[in-house]
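First comes the structure, then the notes that go with it.
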Amino acid sequence: MKITEIRLHQLSMKMKTPFTTSFGTQQDRFITIVEAIDETGRSGFGECVSGEDPLYSEEFMDASIIAMKKYFAPMIIHNEIDHPDEVWELFKPFKRNNMAKAAIEGAVWDLYAKQNDMTLAEAIGGQKTQVEVGISLGLEETDELLLEKVKEKVDEGYKRIKVKIKPGRDVDMIRRIRDRFGDIPLMADANSAYTLDDIETLKALDAFDLMMIEQPLAAGDLIDHAKLQKQISTPVCLDESIDSYQAALGAIELGSCRIINVKVGRVGGITQSIKIHDLAQKHDIPLWCGGMLEAGVGRLHNIAITTLGNFTLPGDTASSSRYWYEDIITPEVVAKDGVVQVSSAPGIGAEVDFDKMQQYLKQTDVITEADVPDMNFYN
Ligand code: OSB
Ligand code: MG
């Protein structure tokens, strides 16, 4: 395929409610929608999930936009591609910047699927026609407020409830949720807020039969996570730590986790996600798809990857309306009783609605052949 133009639509979207994790609170979400256009004028879409600031990981949106404009978009325009798996190889000279790489690669995957009249799920080899989803609830000012949110989401039928924890907002808060809601499928996400010095707190969480504890320790701490997993019965799930296929391999070999949260952006795209999927499957490590407070395009990519067989646990991809007053796609993503139907329309399965997107649009950068720099790594 020949991609002649890439557009970077930069959006500022306000979430319905603020979202608080152990690393901060956010309500404004800056999102870049990547549109890759082929010579017939057909468009494929990807979404860059980088945060506004480098708090979740080292990537942040301003840097991702530069990386896409300067390196990844020109590289795609300069090269003819037969299959989206080639994109990761093309990008290889450039280190990391996984969320920027994944956003461009995602647009190529969508375009490839549309050119071949397939759904994105079919293009990546997924079989499911519907996927199960849970919900991720941020920290609230008080436990009472969180309990109200949990009630609302249990009533809406989400397949599991994930709550954020941090030191001081952990054992008692989880106990209150268990006391109130009995044996609902419940898990906790620490976003790296603990160290092995907190072992007694982490052991205390074993009493609550959590499905898993997500990323208790820092991203680089595969060895400490392995030590922790030996001392607690709750399965450790890694999120931030799994930033590559190699990291997944390391975590599995060291016993750092029993479950992996796959985020397409964090690992550098769909091709890498499939590689990690196949590795985890071989080692009986179940997967689920994590969320990054995505707009509709990213949400649809998440659904597509979840159709792969080893995504056996409910992911974070809740309804568009849980985040946005109006999403940028038609139709929006809807979870009913914790189940999202996989669209049978080609590619991501919904239209990017430019009328709806207009209200959020701050800037569109257009990259064409004229923007391909004369540098030897482009050969
Ligand atoms: O750790 O999973 C996380 C949001 C932003 C950054 C990191 C995380 C999250 C979430 C929200 O938990 C998931 C979602 O609903 O999109
Ligand atoms: Mg997480």
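Based on the Kirkwood radius over alpha-carbon pairs, what is the Stokes-Einstein translational diffusion coefficient of segment 266-310 at 10 °C with 1.306 mPa s viscosity, in µm²/s?
Rounded, D is 144 µm²/s.
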Cα point-scatterer Debye curve for segment 269-379, base-10 log of I(q)/I(0) at q = 0.10, 0.16, 0.17 Å⁻¹: -0.41, -0.85, -0.91
Low-density loop cleavage sites - GluC sites (Glu not before Pro) in segment 142-188, where at most 16 other Cβ are within 10 Å (DSSP): Glu156
Proxy reagent accessibility, fewest Cβ within 10 Å first, across Thr21, Thr330, Thr40: Thr40, Thr330, Thr21
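State the three equivalent ellipsoid semi-axes of the chain, derived from the C-alpha gyration tensor as the square roots of 5 times its eigenvalues, in descending order and whole Å. Before the final figure, lay out each step's value.
Values: eigenvalues 231, 99, 72 Å².
For the chain, the semi-axes come out at 34, 22, 19 Å.
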Acute angle (nearest 10 degrees) that the helix 222-231 long axis makes with the longest principal axis of the chain, alpha-carbon atoms: 30
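Test of the criteria: in segment 316-379, which chymotrypsin sites (Phe, Trp or Tyr not before Pro) are in a DSSP loop and have at most 15 other Cβ atoms within 10 angstrom of their Cβ? Before the final figure, lay out the partial values.
Details: sites: Tyr323, Trp324, Tyr325, Phe354, Tyr360, Phe377, Tyr378; in loops: Tyr323, Trp324, Tyr325, Tyr360.
The qualifying sites are Tyr325.
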Between helix 245-254 and the chain: long-axis angle, C-alpha atoms, 0 to 90°, nearest 10: 20
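With the Cα gyration tensor of segment 181-274 in hand, give its eigenvalues times 5 under a square root as the equivalent ellipsoid semi-axes, listed largest first in whole angstrom.
Numbers: eigenvalues 103, 48, 22 Å².
Sorted largest first and rounded, they come to 23, 15, 11 Å.
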Cα-only radius of gyration and Dmax that characterise segment 226-334, units Å: 14.6, 47
Listed residues Leu300, Asn97, Pro167: farthest to the positive end of the dipole of the chain (Cβ charges): Pro167
Descending Cα extents along the principal axes, segment 61-130, whole Å: 36, 26, 16
The chain - mean residue ellipticity at 222 nm from DSSP helices (-39,500 (n - 2.57) per run, n ≥ 4, rounded to 500): -9500 deg cm²/dmol
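Sequence gap at least 6, Cα distance under 8 Å: using those rules, report the relative contact order of segment 146-209 to the nearest whole percent.
Values: 42 pairs, mean separation 25.0, N = 64.
Taking the mean separation of contacting Cα pairs over the length of segment 146-209, I get 39 percent.
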Amide hydrogen neighbours beyond the local backbone of Val333, cut-off 5 Å, H modeled: Ser320
On Cα atoms only, tilt of 171-181 relative to the major axis of the chain in degrees: 90
Integer Hz, Karplus 6.51/-1.76/1.60 couplings in order for segment 357-364, x for Gly and Pro: 5, 3, 5, 9, 6, 9, 6, 10
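Each reported figure results from applying straightforward, stated rules to the coordinates on display, with no laboratory input. Everything numeric in this text was worked out from a predicted model, so none of it was measured. No Cβ is skipped: glycine too gets one built from the backbone with ideal geometry, and neighbour counts run over all protein chains shown.
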